[in-house]
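Colleague: Take this structure, written in structure tokens, and hold onto it; I'll ask about it next.
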Amino acid sequence: MNADKVLDARGLSCPMPVVRTKKAIDELKPGQILELHTTDSGALSDIPAWAKTAGHRVIEQSEDNGVYKFWIQKG
Amino acid sequence: MSRKVAIIASNGGLFDAYKVFNIATAAAAADAEVAIFFTFEGLNLIHKDAHQQLPVPTGREHYMEGFKKANVPSIPELLQMAQEMNVKLIACQMTMDVMSLKKEDFVDGVDVGGAATFLHFAQDADVTLTF
């Protein structure tokens with residue numbers, strides 16, 4: 001999937017993945033897509049919850065060798 | 001429409017600081033308007049010097065290794081982040097008087113107010129938390 005921006009948040013713990021994701025998505029326009037990489041397993045529930053609260057949409061997610069990837073479309 | 005999160009911080013240990021600032025920054029990251037009212041020992045969390053070396057509960061010193069291993073951000077980092085995300089920090093005037101603290105004793109950008117100031121903010125808050 002093509003992303004407009006990629007954010008490497010690997011190695012960071014709560015609440016940093018969410019905080020960095022927010023900062024990154026602020027730089028995008030509505031409809032654009034952010035690709036997030038994180039190793040925080042809490043992000044599995046945190047990122048979808050955050051997206052719902054903040055009005056964005058997780059359109060895809062995957063896991064690869066302990067790295068969780070999310071594609072988030074800015075609302 | 002922006003949601004409001006109102007937090008009271010009334011304890012001054014390291015773990016208390018994490019509870020307060022993690023929730024506050026996460027809420028701010030979700031575009032909520034956040035205010036924290038610091039009262040009694042909670043004032044430590046925004047004190048210029050104290051917030052850099054908050055006490056760890058006795059018998060829990062071994063947690064510090066876990067903090068390092070999990071790469072948890074420091075309290076000064078979290079506090080700075082909260083301020084960058086416009087979290088409103090309100091120091092309790094009455095406690096400041098009792099402890100002979102001045103506005104200058106706190107990190108820059110702190111507001112000073114009383115119970116009514118916090119209640120005014122919290123009146124229509126969607127989430128209210130006490131730590």
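The values are calculated or read from the model by the stated rules, or taken from the named source; none is laboratory data. This is a predicted model, so every value here is computed, not measured. Heads up, the Cβs are rebuilt from the backbone with ideal geometry, glycines too, and the neighbour counts pull from every protein chain shown. Side chains included, ligands, DNA and RNA excluded: accessible areas come from the protein's heavy atoms. Shrake-Rupley method; radii C 1.70, N 1.55, O 1.52, S 1.80 Å.
Colleague: Can you pull out the GluC sites (Glu not before Pro) in the stretch B:51-131 that DSSP calls coil and that have at most 10 other Cβ atoms within 10 Å?
Modeller: Details: sites: B:Glu61, B:Glu65, B:Glu77, B:Glu84, B:Glu104; in loops: B:Glu61.
Those satisfying the criteria are B:Glu61.
Colleague: Let me ask something additional. Quote the total accessible area buried by chains A and B together, excluding ligands, DNA and RNA, probe 1.4 Å, nearest 100 Å².
Modeller: On the way: alone 4350 and 7430 Å², together 10660 Å².
Result for this pair: about 1100 Å² buried.
Colleague: Sticking with this one: Across the residues of B:22-32, average count of Cβ atoms on other protein chains within 10 Å?
Modeller: 6
Colleague: While we're looking at this one, here's another question. Taking the stretch B:7-65, which trypsin sites (Lys or Arg not before Pro) meet the DSSP loop condition and have no more than 13 other C-beta atoms within 10 Å?
Modeller: Numbers: sites: B:Lys19, B:Lys48, B:Arg60; in loops: B:Lys48, B:Arg60.
Those satisfying the criteria are B:Lys48, B:Arg60.
Colleague: Whole number in Å², please: accessible area per residue of the protein assembly as shown, 1.4 Å probe, ligands, DNA and RNA not counted. Let's see the in-between values first.
Modeller: Working: 10660 Å² over 206 residues.
Per residue, the protein assembly as shown has 52 Å² of solvent-accessible surface.
Colleague: Moving to a separate point now. How much FRET efficiency would the formula 1/(1 + (r/R0)^6) give for A:Asn2 and B:Met64, where r is the Cβ-Cβ distance and R0 is 41 Å, rounded to 0.05?
Modeller: On the way: r = 43 Å, r/R0 = 1.04.
E(calc), rounded to 0.05, equals 0.45.
Colleague: Assuming R0 = 22 Å, what is the FRET efficiency of B:Glu84 and A:Thr39, from their Cβ-Cβ distance, to the nearest 0.05? Each step should come with its number before you reach the end.
Modeller: Numbers: r = 24 Å, r/R0 = 1.08.
E between B:Glu84 and A:Thr39, to the nearest 0.05, is 0.40.
Colleague: Rounded to the nearest percent, how much of the accessible area of the protein assembly as shown (1.4 Å probe, protein heavy atoms only) is carbon and sulfur?
Modeller: On the way: 5300 of 10660 Å².
On the protein assembly as shown, the fraction of accessible area on carbon and sulfur atoms equals 50 percent.
Colleague: Between B:Gln123 and A:Glu63, what is the spin-label point distance in nm, taking each point 7 Å from the Cα along the Cα→C-beta axis?
Modeller: Roughly 4.8 nm, to one decimal.
Colleague: List the residues of the stretch A:17-34 whose accessible area drops by at least 30 Å² when all protein chains are present, compared with their chain alone, using a 1.4 Å probe and counting only protein heavy atoms.
Modeller: A:Val19, A:Lys22, A:Lys23
Colleague: Also, quick follow-up: Note down the relative contact order for chain B as a percent, whole number, built from C-alpha pairs under 8 angstrom at least six residues apart. Don't jump to the answer; show the numbers that get you there.
Modeller: Details: 205 pairs, mean separation 49.7, N = 131.
Relative contact order for chain B comes out at 38 percent.
Colleague: With the crude spin-label approximation of a point 7 Å out along Cα→Cβ, what separation in nm comes out for B:Thr130 versus B:Gln52?
Modeller: Label-label distance for B:Thr130 and B:Gln52, simple model: 3.3 nm.
Colleague: For the stretch B:69-125, state which trypsin sites (Lys or Arg not before Pro) are in a DSSP loop and have at most 15 other beta carbons lying within 10 Å of their beta carbon. It would help to have the intermediate numbers written out before the result.
Modeller: Working: sites: B:Lys69, B:Lys88, B:Lys102, B:Lys103; in loops: B:Lys102.
In loop regions of the stretch B:69-125 (DSSP not H, G, I, E or B), the sparsely surrounded trypsin sites (Lys or Arg not before Pro) are B:Lys102.
Colleague: For a label point 7 angstrom out from the Cα of B:Met99 toward its Cβ, which stretches of the stretch B:70-84 have the backbone nitrogen within less than 19 Å?
Modeller: B:75-80, B:83
Colleague: What fraction of the Cα pairs in the stretch A:1-54, stated in percent, has a spacing above 15 angstrom?
Modeller: For the stretch A:1-54, the share of Cα pairs beyond 15 Å comes to 43 percent.
Colleague: Determine the sum of side-chain charges near B:Ala32: Lys and Arg each +1, Asp and Glu each -1, restricted to other residues whose C-beta is under 9 angstrom from that of B:Ala32. Walk me through the intermediate numbers first.
Modeller: Working: positive: B:Arg3, B:Lys4; negative: B:Asp31, B:Glu33, B:Asp126.
That sum, taken over residues with Cβ under 9 Å, equals -1.
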